[in-house]
Amino acid sequence: MAKRILVVAASPRNDGNSDLLGERFIEGALEAGNIVEEVFLREQVIGFCRACDYCRDRDGACALRDDAASVLDKMAEADVVVLATPVYFYTMDAQMKVLIDRTVARYATLANKEFYFIATMADGDKALMERTFEGLRGFTDCLPGAVERGVVCGAGAWAKGDIEGSPAMDEAYEMGLRA
């Protein structure tokens, strides 16, 4: 049975390295017969959580009127969520963190999802990327029934396109096939 997969691409630049890995994941997932949608956070207007508690009394509705609600709707509808981010100072980028913080009002609607993490960084030491994955796991650990299915580390990729031809490209494709 086909799964509904949402790829959340957080790179602020078109065709960034994490975008390229996300595209390879999508190729594999489509080949496996899944339904895939991709959201580019750079094309969304999403403000940071103000901790105003508006959502607590309004069934998760947020006081901010921006694109977060539509992205969260897509996340809630998906069976699988792929979080693809460049690594800045050994953690996820701001766009991904802002979206994650905005899920606070609706985290229960994200229950029982499968998650994949894709990250790229300039540093070539993959072990240093574990900090980024721990940050993403901090998010999914708060979601009821969330299951981490895999990670792709795109280390040593600074300039646009540096990730092309790396083993991470094949890893992302294979992970998509298995999604």
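The values are calculated or read from the model by the stated rules, or taken from the named source; none is laboratory data. Bear in mind that the values here come from a model prediction, so they are computed numbers and not experimental data. Here the Cβ is made from the backbone with ideal geometry for all residues, glycine too, and neighbour counts use every protein chain on show. SASA here: full protein model, heavy atoms, side chains in, ligands and nucleic acids out. Shrake-Rupley method; radii C 1.70, N 1.55, O 1.52, S 1.80 Å.
Check the stretch 15-35 and report whether any residue there is under 17 Å from VAL98 (Cα atoms), open to solvent by 40 Å² or more (accessible area, probe 1.4 Å) and either part of a helix (DSSP H, G or I) or not acidic (Asp, Glu) (or both).
No.
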Item checked: Cβ-Cβ under 8 Å pairs, at least 6 apart or on other chains, the stretch 9-34 side under 16 Å from ALA155 (Cα atoms), far side open to solvent by less than 50 Å² (accessible area, probe 1.4 Å) and of a type in the set (D, E, K, R) -> SER11/ASP19; SER11/ASP93; GLY22/GLU38
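With within 22 Å of VAL71 (Cα to Cα) and open to solvent by less than 40 Å² (accessible area, probe 1.4 Å) as the only criterion, which of MET92, MET169, MET175, MET121 stands out? First the steps, then the outcome.
Details: MET169 fails: within 22 Å of VAL71 (Cα to Cα); MET175 fails: within 22 Å of VAL71 (Cα to Cα); MET121 fails: within 22 Å of VAL71 (Cα to Cα).
After applying the criteria, what remains is MET92.
Can you find, within the stretch 36-56, the residue that is farthest from ALA179 (Cα to Cα) among those that are of a type in the set (A, V, I, L, M) and exposed (fewer than 13 other Cβ atoms within 10 Å of the Cβ)? Step through it out loud before you land on a result.
As a first pass, look at the stretch 36-56 and keep what is of a type in the set (A, V, I, L, M): 36, 39, 41, 45-46, 51.
Narrowing further to those that are exposed (fewer than 13 other Cβ atoms within 10 Å of the Cβ): 45, 51.
Numbers: VAL45: 29, ALA51: 35 Å.
Only one residue fits best here, namely ALA51.
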Checklist line | Test for LEU83: is it touching a strand residue (DSSP E or B) at 6+ places or on another chain (Cβ under 7 Å), surrounded by fewer than 20 Cβ atoms within 10 Å (Cβ to Cβ) and not charged (D, E, K, R) | finding: no
